[in-house]
Amino acid sequence: MGTGTLTFDFDSDSAYVAGIATKPDVKVPVPFTIGEAMKIAIGADHAGYQLKDSLKKLLDELGVIYEDFGTTSAQSVDYPDFARAVAQGVAGGKFDRGILVCGTGVGMAITANKVPGVRSAAIVDTDTAKLSREHNDLNVIALGARVLPESRAREIVKTFLQTPFEGGRHAARVSKIESGRT
Ligand code: RB5
């Protein structure tokens, strides 16, 4: 089991909601655990490749293993190609979770959700990132490089990685998603 220290950035209100912050100028180290040998598939389109590079550095800092599915430049590409590759990697079990970046995160999430077994959403804040792990077992996060400050995107990814699925009643609901029943 890998361990480390997560430092919340205080440009979001997540630390206050979590009850761990009292002053906006103080950084509070929070212990966290990332599952042993967690493997991440990461991909982006031309709008997201720079943020992807920043998130890869974050994964390096956290000691998380990843595979980069591209793209690697500002040359225009089609986001579904990258979303599908990452989603299929997660659905097939080669990767534990996926990270996708485009302009808004929306096209990536729509595409990823077409792959059975993938639960994806465009996430813009750490509270939703946490709840989407706890309640929905989100396994592919989609981020928008054109709508998110880099520091918040990093916080969101940390939260996505560190937060376990709660199971219980939520497991029954997620099973209904996967089986297509209501
Ligand atoms: C590319 O211009 C843009 O449409 C794409 O990055 C994404 O925002 C789609 O959802």
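Observations on the structure shown:
- Centroid-to-centroid, using Cα positions, the range 50-108 and the range 126-152 are 13 Å apart.
- Relative counts (whole %) of C-alpha pair distances in the range 67-182, using bins that are 10 Å wide: 15, 46, 33, 6, 0
- Fewest-first sequence of I40, I141, I65 by Cβ atoms within 10 Å of each Cβ: I65, I40, I141
- When each of the peptides 108-116, 170-178, 90-98 is scored by how many other beta carbons lie within 10 Å of its residues on average, the order from highest to lowest is 108-116, 90-98, 170-178.
- Relative exposure of S76, S151, judged by other C-beta atoms within 10 Å (fewest first): S76, S151
- Measuring between alpha carbons in the structure, the pairs from K39/K94; K130/K176; K52/K94; K94/K130 lying more than 18 angstrom apart are K130/K176; K52/K94; K94/K130.
- Charged side chains reduced to their Cβ positions (Lys and Arg at +1, Asp and Glu at -1) give the range 76-182 a dipole of some 220 debye around its Cα centre.
- Footprinting exposure proxy for Y66, Y79, Y49 (fewest neighbouring C-beta atoms within 10 Å first): Y66, Y49, Y79
Rule-based calculations on the coordinates, nothing more; no lab input. Everything quoted here is computed from the prediction, not taken from an experiment. Every residue, glycine as well, gets a Cβ built from its backbone with ideal geometry; the counts of neighbours run over all protein chains shown.
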